Structure formats: structure tokens, C-alpha cells
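Structure record follows, encoded as C-alpha cells.
Derivation of every value follows stated rules applied to the coordinates shown; laboratory data play no part. Nothing here was measured: the structure is a model prediction, and the numbers come from that model. A quick note on method: Cβ atoms are made from the backbone with ideal geometry, for glycine too, and the neighbour counts reach across all protein chains shown.
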Amino acid sequence: MLDTNLKHIETADILTKIISENENVMVICGRMGPMCIPVYGIAEELEEDYKHVKFCDMEFDSFEANIIRNLPEVQGFMGIPFTIYYKNGKVVKATSSIQTKSQVIIILDKYFGEPNKN
Amino acid sequence: MDANNYYDAIIIGAGPAGLTAGIYLSRAHIKTLIINEGTIGGQMIFTHEIANYPGLESVSGYQLANTMKKQAKMFGCNIKSNVSIKDVNLNDELKKVVLSDGNIYNSKTIIIASGGRPRSLNAIGEALFKGKGISYCATCDGDFFTNKDIIVVGGGNSALEEAISLTKYVNKITILHQFNHFQAFQHAINEVKNHPKINFMMGSTINEFIGNEKLEKVRVTNLKTGESNYLKIDGVFIFIGYIPNTEFLKGKIDLNEFGEIIVGPGMNTNIKGVYAAGDSIVKLFRQITTAVGDGTIAALSASDYLHKQNAKQ
């Protein structure tokens with residue numbers, strides 16, 4: 001299991017359940033390495049503001065992560081983490097490798113909407 | 001001034017130097033804020049295994065960073081990470097840090113521990129193919145290049161050691177370096193020179209990354225002749241050193257020609273009440289242990305400065 005404070009997805013079935021039960025889901029599929037840890041950290045920080053988004057992680061080397069590794073949207077990817085954004089169960093965006101907080105915010109705001117600050 | 005945004009000390013940066021300073025200051029009951037532009041831990045989290053940190057036989061950089069963070073927080077240190085610094089005012093007695101989100105923080109003393117970041121080539125297409133053929137981490141992405149031909153850019157210890165670690169995955173490695181000699185330790189040079197999967201392209205640089213969905217070729221220029229060639233390649237790993245995160249300090253504090261902060265023995269800068277520590281200062285060896293030492297000295301100096309300032313009032 002990844003050493004983060006995010007919701008851990010351990011099986012493909014659980015991922016399928018989460019994306020069917022939540023309108024907006026961000027899944028970071030990676031390892032505990034230098035390109036992945038910053039993205040987990042960003043998600044942990046944004047979780048507080050983006051209450052309408054479910055933030056999760058999944059172990060890249062798990063067999064169950066085939067559900068992400070086999071997505072058509074990631075076939076050109078050659079850098080972890082694979083970060084997948086699901087809306088109503090469908091992939092709306094996927095990124096490869098490390099991202100900055102502002103890059104993540106741009107995607108979240110565009111596809112899931114800005115957080116309600118009230 | 002918003003009292004909630006006032007601190008006795010502000011530390012810029014949450015690598016080992018900044019976190020150590022945060023631990024020392026907070027433990028001394030000095031109201032301290034750490035402002036960090038990236039991930040907590042800085043370059044430390046890039047280290048898979050640390051085996052030479054005294055007192056710990058083996059620890060990952062991530063674990064060590066998390067422990068330091070917990071320790072600082074336990075003593076009451078406030079940490080804001082993944083923020084963007086818009087401006088700093090260091091000269092006034094009451095220092096100021098302005099964030100891009102509009103928040104302004106004031107303090108009597110500032111410790112700059114902003115660290116460094118991996119240098120990029122700044123070649124055409126580099127941002128486009130990051131994670132799609134360009135990588136900065138062999139342990140993270142090496143297995144994507146199994147049986148492929150790759151280039152490793154750089155000539156220091158990191159480049160040569162990472163090239164050796166990549167040989168277990170790839171078919172062939174070309175080490176491409178801007179100079180005609182390496183800066184690495186001799187044992188690393190010997191190892192790459194004797195490796196059957198590694199060959200060399202010296203005195204050259206990559207100017208352009210080209211491809212569609214992923215990287216397909218690069219334009220390489222010989223720096224002596226100026227001649228350019230296209231090279232079909234599956235991947236490029238870039239290890240060309242670090243640059244200090246001091247752009248926001250230009251014209252505000254004394255830096256050397258490399259952009260490193262000039263400090264005295266107490267980690268004091270040329271500005272009263274402003275100290276610096278860690279990878280962003282002028283120094284010979286950049287290690288977690290040396291950063292921790294710098295952070296300690298900077299915190300003790302800042303604490304002494306605050307004590308004297310308070311005694312004056």
C-alpha cells in the first residue's frame with residue numbers, strides 16, 4: 001500500500017465502484033518515488049478545498065492497476081505517476097509524470113469546477 | 001498588519017535545512033512559519049535510500065522528510081507548502097513575504113532555505129515530451145524503456161550512476177555531454193567506459209525533441225563544429241545538475257555569479273536579520289547532513305538576532 005494520506009484503491013473492482021459512485025474522481029497511479037510523491041502531496045493539500053472531488057491513489061506495480069495501465073489514454077505514457085481524472089465514470093483527462101500544483105488546479109477547475117469557497 | 005499573518009520568524013523552503021531551522025526555532029517557542037513552493041522535503045525526497053545519515057542505518061528520503069515535518073509541527077511550527085512566492089521585502093526591520101494568492105506574511109527575521117532544482121536543457125519540445133520519452137528519474141521510469149535505445153544527458157556523478165542503473169533495462173545507452181570530459185568520480189567514469197551497452201557522444205547538446213504521441217527523435221548539435229544531426233531515439237534521461245532557487249532574490253540580496261546566496265559563518269547574509277541555509281547558499285558539499293547543519297546554525301543565529309531585537313525594545 002502506498003504511504004500517503006489519500007484513499008487507497010487496492011483492486012480494479014473498488015476503482016470501478018468509486019468512479020460509479022462519485023461524479024469527480026482523481027486517481028494517482030504511482031510508486032513512492034520522486035516523481036510521484038509531489039503529486040500525492042498536492043492531492044492531499046487540495047482535498048480540503050475540492051470537497052466535490054474524490055482523491056485516490058493506486059499502486060502502479062499492482063496487477064490490479066492494469067485497469068489504469070491498459071487505458072487507451074495512457075498508451076503513450078512513459079513516466080509515472082499516471083494521473084487519471086474521471087467524470088461520471090469516464091476518463092476526461094490523463095497526465096504522465098510529475099505535475100505542479102497549478103497544473104493540477106487547472107485540470108480540476110476545467111473538468112470538475114472550482115471549489116466552493118463559502 | 002494582520003496579527004494572524006505575523007510570525008517571529010519565516011523560513012522559506014521546507015527541505016532539510018528549512019525543516020531543521022523550523023524544529024529549532026519552534027522548540028525555542030519562537031512563532032515560526034515555513035513557506036514552501038514545492039513538496040515538503042525538497043531534493044531529499046528524490047533519494048531512494050539514505051544510508052549515511054548518522055543515527056539511521058537506512059531510511060528513504062521521503063520517510064526522513066516526513067519525520068522532520070512531524071517534528072517541526074509537533075513543536076508548533078506552521079507550514080504552508082505548494083504555494084507561490086510573488087515578492088519579498090527583506091530590507092525593512094519588519095520583513096514581508098507576498099504570496100501569489102494575495103496573502104502577505106510578516107516577520108522580524110527570515111531564513112532562506114529555498115534549495116535547488118534539477119536543471120533542464122530548455123530545448124524545444126522538452127516540456128511536451130516530459131513523461132512521454134523524457135525522464136529525470138531512472139528508478140521511476142527505467143522499466144518503460146526495457147530493450148529500448150536511450151540517451152543519458154550529463155557528465156557528473158548523477159548522470160553516470162543513473163546510466164549504469166539504466167543498463168539493466170535498456171538495449172543501448174548513449175551518454176551525451178556538452179564537454180569533452182566528465183566531471184564525475186574516476187570509478188564512475190571507468191564503470192561507464194567499460195560497460196558494453198554504453199557509448200558516448202561528447203561535446204554535443206540536444207536542441208530539439210521531436211515526436212507525435214511520444215518522443216521519436218532528437219536534434220543533436222556538435223558544439224565544436226555547429227553541425228546538427230537527427231537521431232532516432234526512444235527516450236532521453238536528463239541529469240545535468242542543479243540550480244539554486246534564488247531567482248526571486250535577484251537584486252534583493254548578495255548572490256554569486258551562479259545565483260547562490262553569499263553567507264557568513266553564522267549563515268548571515270548581507271541583510272540584517274536575514275539568514276540562509278542549505279543548497280541555495282555558496283558551499284562546497286551539498287548533502288542532507290550539511291543542510292541540517294546549515295539550518296541549525298541559521299536558526300540559532302536568527303534566534304540570537306530576535307533576542308537582541310526584543311531586548312532593544
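Miscellaneous remarks
- Along each principal axis, Cα extent of region B:136-209, largest first, Å: 31, 29, 20
- Rg/Rg_ref, region B:171-288, where Rg_ref = 2.2 N^0.38 Å and atoms are Cα: 1.45
- Stokes-Einstein D for chain B, Kirkwood Rh over Cα pairs, 25 °C, 0.890 mPa s (µm²/s): 116
- When each of the peptides B:128-139, A:2-13 is scored by the mean number of other C-beta atoms lying within 10 Å of its residues, the order from highest to lowest reads B:128-139, A:2-13.
- The protein assembly as shown - Rg and Dmax from Cα coordinates, angstrom: 22.8, 70
- Stretch gain in nm, segment B:R27-B:L99, where the contour uses 0.36 nm per residue and the Cα spacing is subtracted: 23.3 nm
- Mean projected area of the convex hull spanned by the Cα atoms of region A:7-111, taken over all viewing directions: 5.8 nm².
- The mean number of Cβ atoms from other chains found within 10 Å of a Cβ in peptide B:119-130 is 1, as a whole number.
- With the highest mean first, a sort of the peptides A:64-77, B:111-124 on other beta-carbon atoms found within 10 angstrom per residue produces B:111-124, A:64-77.
- A crude spin-label estimate for the pair A:T11 and B:E227, with each label 7 Å from Cα along the Cβ direction, gives 6.2 nm.
- Disulfide-incompatible cysteines by the Cβ rule (no partner under 4.7 Å) in chain B: B:C77
- When each of the peptides B:94-107, B:24-37, B:221-234, B:204-217 is scored by how many other beta carbons lie within 10 Å of its residues on average, the order from highest to lowest is B:24-37, B:204-217, B:94-107, B:221-234.
- Within chain B, helix-based [θ] at 222 nm, where runs of 4 or more DSSP H residues each add -39,500 (n - 2.57), nearest 500: -7500 deg cm²/dmol
- Normalised by 2.2 N^0.38 Å, with N the number of residues, the alpha-carbon radius of gyration of region A:57-118 equals 1.21.
- For peptide A:72-83, the mean count of partner chain Cβ atoms within 10 Å of a residue's Cβ comes to 5.
- Note on B:D143 and B:Y6: with the Förster distance fixed at 41 Å, the Cβ-Cβ geometry gives a FRET efficiency of about 0.25.
- Antiparallel content of DSSP bridges confined to chain A, in %, to 5: 55
- Global geometry of region A:9-71, whether rounded, prolate or oblate, following the gyration tensor of its Cα atoms and the 1.5 cut on a/c: oblate
- Average partner coverage of B:136-146, which counts Cβ from other chains inside 10 Å: 4
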